[in-house]
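As structure tokens, the structure follows; a few thoughts come after it.
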């Protein structure tokens with residue numbers, strides 16, 4: 001079955017318009033990578049297991065229609081094709097899609113990649129091939145499975161999060177950062193105009209995002225522990241209790257601290273003249289700030305600090321996002337049509353040529369575009385029946 005080219009679709013806009021991405025990944029890091037590429041204009045086709053689909057379709061409640069809300073978070077702007085990669089017809093279609101793709105993204109374990117015949121495809125394709133792993137393949141654990149929480153634990157991230165015990169971050173940040181690294185790697189391969197092989201491990205990505213905390217340990221010999229909401233190197237820099245709720249206040253330099261004191265009428269101790277002094281005397285400083293900020297509400301303090309040029313932000317829950325004036329004004333939350341009913345998704349944080357990318361497609365139903373894509377690839381009805389019959393086994 002000869003495939004003339006990538007399946008036709010209305011082209012997107014943006015710097016990656018016309019770039020074809022084959023998404024063979026599942027869960028979070030790989031799909032996040034593909035979402036970023038789609039935000040930049042790429043056309044993404046996602047291949048999923050028939051009858052099951054991406055694992056996150058089942059990670060609920062809550063659900064929207066048949067799919068978990070989790071799936072909606074990173075799977076917009078792509079078409080879903082259900083293919084059985086253990087069958088010859090399914091692998092043949094994937095091979096043809098990979099031959100026409102500019103980027104292939106996958107997160108199979110190396111042994112599964114080999115068993116499915118994709119290792120050979122990875123070697124022969126002219127596409128940029130992006131592999132997401134639990135850990136880098138040049139180490140002893142490169143062939144082992146891994147999830148975000150394992151990366152958070154092993155990297156040391158959990159050791160500096162929380163107040164009294166190791167605590168994971170409330171979202172899968174290792175997955176998200178890995179997805180971003182993967183997207184950057186994909187774009188680098190496109191710029192290089194050659195079949196670059198990119199690999200990103202969750203563990204290595206998690207270590208990389210420890211930034212100053214890792215440097216404190218590696219350079220300064222200071223092994224950090226539970227930081228809670230305190231910053232290890234800056235004070236004040238965290239939540240301060242107000243009359244109603246906390247307000248996060250940050251003074252990143254001595255000048256900002258002077259402006260903060262003037263704005264709130266705080267007489268600073270001589271020891272607080274430098275950041276190092278404030279960090280050393282953090283407890284007394286925090287108590288003094290709480291005594292002042294506790295006299296008014298967070299909403300009352302925000303304009304006072306804004307006028308003084310001191311960064312601050314009220315602590316909000318996620319239900320507050322639609323009413324946040326900045327979020328609302330920038331159009332970050334976008335509503336898209338879906339077979340189960342219109343749904344709101346978080347759009348791209350990018351602004352490209354002064355415009356936020358429009359969400360073009362709602363996260364797809366499992367296999368929603370299988371027949372459409374196979375037909376566009378040049379398969380006739382008999383061939384489509386052969387592929388989908390194998391998928392139904």
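Laboratory data are not the source of any read-out in this text; all were calculated from the coordinates shown. Because the structure is a prediction, the values reported are computed rather than measured. Cβ sites come from the backbone with ideal geometry, for glycine too, and all protein chains shown count toward neighbours.
The table for this structure:
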quantity: Rounded Å value of the spacing that divides the Cα centres of segment 336-393 and segment 75-96; calculated: 12 Å
quantity: Inverse mean reciprocal Cα-Cα distance (Kirkwood Rh) of segment 180-323, Å; calculated: 18.0 Å
quantity: Distance between segment 146-210 and segment 254-305 - C-alpha centres, whole angstrom; calculated: 35 Å
quantity: Sorted by Cβ density within 10 Å, fewest first, the residues 242, 34; calculated: 242, 34
quantity: Most mobile listed residue (206, 313, 186) in the chain, GNM with C-alpha springs under 10 Å; calculated: 313
quantity: Highest to lowest packing among 141-150, 23-32, scored as the average C-beta count within 10 Å; calculated: 23-32, 141-150
quantity: Rg over Rh [alpha-carbon atoms, Kirkwood Rh] for segment 120-251; calculated: 1.09
quantity: Cα-based Rg and Dmax for segment 1-118, where Dmax is the largest Cα-Cα distance (Å); calculated: 14.2, 42
quantity: Relative packing of peptides 326-332, 225-231, 275-281 - highest average C-beta neighbours within 10 Å first; calculated: 275-281, 225-231, 326-332
quantity: Gaussian network model of the chain, Cα within-10 Å springs - most flexible of 289, 318, 210; calculated: 318
quantity: Förster radius 30 Å - calculated FRET efficiency between residue 171 and residue 227 (Cβ-Cβ, nearest 0.05); calculated: 0.95
quantity: Cα-based Rg of segment 237-315 normalised by 2.2 N^0.38 Å, two decimals; calculated: 0.98
quantity: Most fluctuating residue given options 131, 320, 73, as computed from a GNM of the chain linking Cα atoms under 10 Å; calculated: 320
quantity: Nitroxide proxy distance, nm - points 7 Å out along Cα→Cβ at residue 115 and residue 326; calculated: 4.7 nm
quantity: Stokes-Einstein translational diffusion, segment 241-393 - Kirkwood Rh over all Cα pairs, 0.692 mPa s, 37 °C, in µm²/s; calculated: 160 µm²/s
quantity: Two-decimal Rg/Rh across the chain, once Rg and the Kirkwood Rh are taken from alpha-carbon atoms; calculated: 1.05
quantity: Sorted by Cβ density within 10 Å, fewest first, the residues 199, 382; calculated: 382, 199
quantity: Three-way shape call for segment 286-362 based on the alpha-carbon gyration tensor, with the a/c threshold at 1.5; calculated: prolate
quantity: Length-normalised contact order of segment 237-315 in % [C-alpha pairs under 8 Å, at least 6 apart]; calculated: 46 percent
